[in-house]
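The values are calculated or read from the model by the stated rules, or taken from the named source; none is laboratory data. A quick note: this is a predicted structure, and the numbers were derived from the prediction, not measured. Backbone-built Cβ (ideal geometry, glycine too); neighbour counts: all protein chains shown. Keep in mind that these areas ignore ligands, DNA and RNA; they rest on the heavy atoms of the full protein, side chains included. Shrake-Rupley method; radii C 1.70, N 1.55, O 1.52, S 1.80 Å.
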Amino acid sequence: MNLLRICVTALFCSLAVTGTARGQGLLDSLTSDLNIRGLATTMDPETGIVTVTGDVNIVYGDVEIRCGSARYNQTTGEVVAKDGVTIWRAGTIYRGDSITYNSVSGEMSGQNVVSGMVAGPNMVFYKAEDFQSKGKLENQIDATVVNLTSHDVQNPNFHLGAKEMTVYPGDHMVMRHVKIYGGDTPFFWLARYTQSLEENGLSFSPGYQSRWGAYLLTRYAVMHGDHTMARYKVDLRSRRGIAAGVDFISLRHKANAQNFGTFKVYAANDIDSTRYQAGTTRFPVPDNRFRINFQHRVYLPGPDVSTWYLDFDINKISDYHFYEDYFFNDFRTDREPDNQVSLIHTDDAYVATLMAKFKANSFYRTTTRLPELSVDFTRRPLWETGIYHQGSLSAGVYNEVVGKQEEAELLRLQALGVGGINDVLFDPLGTAPSAFRTLAGLQRDASLNAANISTGLGVIASRLQEPDFARFHTYHELLYPKTYLGWLNVTPRIGAGLTSYGSIDGSTTGLQSFSRGIFHLGLDLSFKLTRTWNNVYSESLGLNGIRHIFQPYINYSYLDAKQDPGIPAIDRISSPTTRPRSIDVPFFTAVDSLRSWNIARVGFRNVFQTKRDSTTSSGYGNSIDPAEAESPLTYAWAGMNTYVDLFAKDPEFGRDMSNIYNEIFWRPVHWVTLRSDWQIPISSGIGNFTELNNFLTWLPSKSVSIDFGHQYISDHPFFLNSSRLFTRLFTRVSENYGLSMTHIFEADDGTLEFQSYSVTRDLSSWTASLGIMARDNRNGVSDVGLLLTLTLKDFPKLNFDFNMDPNPTGAGATQ
């Protein structure tokens, strides 16, 4: 190393004597990583400071500097760049008159620096008279005399000016003494402005909506401390009155913000609580309405992540219709939220949970667990035997409580049913006939008779029961996976368990206690056949070689789990579905619905793979073995999973054979995606029906996006026949104009359920959208609305949203 320094010093001394050396990269290796090039270089042998002028290029790791002149100090690692400086660092560009970069610490400072950063879905740009970033990871930026805008032009229409700015990249920013400008004219001043970089801070949303009337929604997002963001809300609705609230969000849990780290409070004084959405049944609600939601995780002893933690999920709502009236998306996704507190301990071998699930809202049906202790044992090998164990146990006191509104409606329907079919047909409210059709499992246009009324009364009686019992349940399973002959995968399974009920209340047969044993035998068989064609290539189809994997499989499951019909089920299969039930006992969580079965699931998978420079998951069921996607060069191009259930004993419908199921995906290139889910009957009888679900996303050009879908179902024992088509089209007509339209058409009865059309105009720093929508509710009442959105790209944000039904198709909107 000393010899190297002597050689470098001698070289620069000779250059100092001769003056300059042009056109040569004489400082390619001043350190092992930093390279400097320029037209003229000089070096002071005493200080070790190198000066480079003329088309300077400095490269150090992922940092590249270009400027007119630079000075490098080998001792401190400091580079001082001047004269038209441009720095590329970790994907961000910095420009300035003079910027100093320290190659050792990663710190950077400068004067008149211009740069940008990501803020939510957009980029924001700033210019600072004085600028400093700390550390190689750039976890803090400090700047003074700052102008900030999201309008990427030389003279932005709107911008913010601040005397001081501190930025925590990817998190939030703090500005002090802030002025908001329209052009060159300031029109608003804030002493302090804290802005999340994931969403806009100050927003005003005026508009019109049929359930709200004219409205003005205001929201201000501000940081409290380093980890808590608050969204303050004050809302005015002409048909609903005034409402206000606040959302506190912990950024420590932002990776899982939907489940943890949130506290929401919102209250409204409803001046017209009788108003309801067209086509729905309305229960009485109070004038003073509210929500309180608290979802959080507390690690014990904390604050660091540990194996012990408390989970809180608390949701108190004033009435049954609050979400429906004020928070449309919450109503669609979780209209009857649970309330529970859980103490959890995790270990490599198990996860133990002590839960208290309680009733906080009296207006909908709730299952309580006061308390429940459960332990889930992960699949683990037993010593060196090759045998694996998995299982679970739970014990608790369980109760199901009927909601007040549901109870009142069921009692009303019960009284009408007892009065006979004429009382049902001439119900003053007009809802009883359709309700009894649903209770009896009939189509919506079917005729009612006395037998249907009797069936409905039986269902009502069972729904009015509030079962209560103590239960202990445990199940354990042993597996012995082996590969024979190098290709045949065999996994025998044997399991046993026990379910015991005590202190039963609500049994239809007067049962007080009951215990049953559980015995299970299972066998998994599969093998793979592969063939590869390396010479297949098609750029348009995204093919670079192709490999076909064919995998036949059999999953056999025999279960002996006799259940007394007098047990009032709480953990049951409560929602009808079109999908086949799980036949793996450890994953069957509806303990009280566990019945004896004897089923063989027989099928085969076809997977087509090609080579890509990156991989993504299939995103579709279990059609692809995860082991197939371990290589970074392997891409699942297409796949199909076909299977059928063969019954020696069907626990649901007494069938000999299920439908034949087929799950298909095809993702050849990023601009085409096809998914197809279908099942068709291969025998007759209840439980055999037809279902076809097909979805296509196609981007025929950079300016056109098309979504098409078709959902068809026929002869299902619970669901009505339906043949629904939906389309979405967006096209960018020019740089400034875009057109979009959405349609939902029910072909079974020829109803165009929903249609919307909109035009979008890019106004430089604004985006304007004008559209119209219509919804047919099938009861003679339709919703028709005008939708207007005017969004300022800079923050603060101003929205004009004349929206009759936000997110009409139920996917991907904000509320």
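Couple of notes before you dig in:
- Test result for ASN534, farther than 26 Å from TRP597 by Cα and out of contact with any strand residue (DSSP E or B) (no Cβ under 9 Å at 6 or more places or on another chain): no
- Residue count for the range 368-411, restricted to those that are farther than 22 Å from LEU498 by Cα, touching a strand residue (DSSP E or B) at 6+ places or on another chain (Cβ under 9 Å), open to solvent by 20 Å² or more (accessible area, probe 1.4 Å) and not in a loop (DSSP other than H, G, I, E, B): 2.
- In the range 68-85 there is no residue that is touching a Lys or Arg at 6+ places or on another chain (Cβ under 9 Å), of a type in the set (S, T, N, Q) and over 17 Å from ASP44 (Cα atoms).
- Residue within the range 195-211 that is open to solvent by 30 Å² or more (accessible area, probe 1.4 Å), at pLDDT 80 or above and either of a type outside the set (S, T, N, Q) or assigned to a loop (DSSP other than H, G, I, E, B) (or both) present: no
- Residue count for the range 78-106 under the criterion of being among the aromatic types (Phe, Trp, Tyr) and open to solvent by less than 20 Å² (accessible area, probe 1.4 Å): the result is 2.
- Scope the range 643-675; condition outside any strand (DSSP E or B) and under 19 Å from VAL602 (Cβ atoms); matching residues: ASP650, PRO651, GLU652, PHE653, ARG655, ASP656
- One residue from SER703, SER684 being free of Cβ contacts under 8 Å to residues at least 12 places away in the same chain and more than 23 Å from ALA636 (Cβ to Cβ): SER684
- Filter result for the condition that a residue is among the hydrophobic types (A, V, I, L, M, F, W, C) and open to solvent by 60 Å² or more (accessible area, probe 1.4 Å), over VAL114, VAL146: VAL114
- Residue tally, condition assigned to a loop (DSSP other than H, G, I, E, B) and hydrophobic (A, V, I, L, M, F, W, C), over the range 722-760: 2
- Tabulated pairs, the range 324-342, first farther than 22 Å from ALA244 by Cα, second at pLDDT below 85 and buried (at least 19 other Cβ atoms within 10 Å of the Cβ), C-beta under 9 angstrom, 6+ apart or interchain: none
- Contacts under 8 angstrom Cβ, first residue in the range 408-435 being closer than 17 Å to LEU464 by Cα and in contact (Cβ under 8 Å) with a residue 24 or more places away in the chain, partner aromatic (Phe, Trp, Tyr) and not in a loop (DSSP other than H, G, I, E, B), 6 or more apart: LEU413/PHE436; GLY417/PHE436
- Test result for LEU485, surrounded by fewer than 18 Cβ atoms within 10 Å (Cβ to Cβ) and either acidic (Asp, Glu) or in contact (Cβ under 8 Å) with a residue 24 or more places away in the chain (or both): no
- All conditions but one from (1) part of a strand (DSSP E or B); (2) within 29 Å of the chain's Cα centre (by Cα) apply to PHE719; the one that does not is (1).
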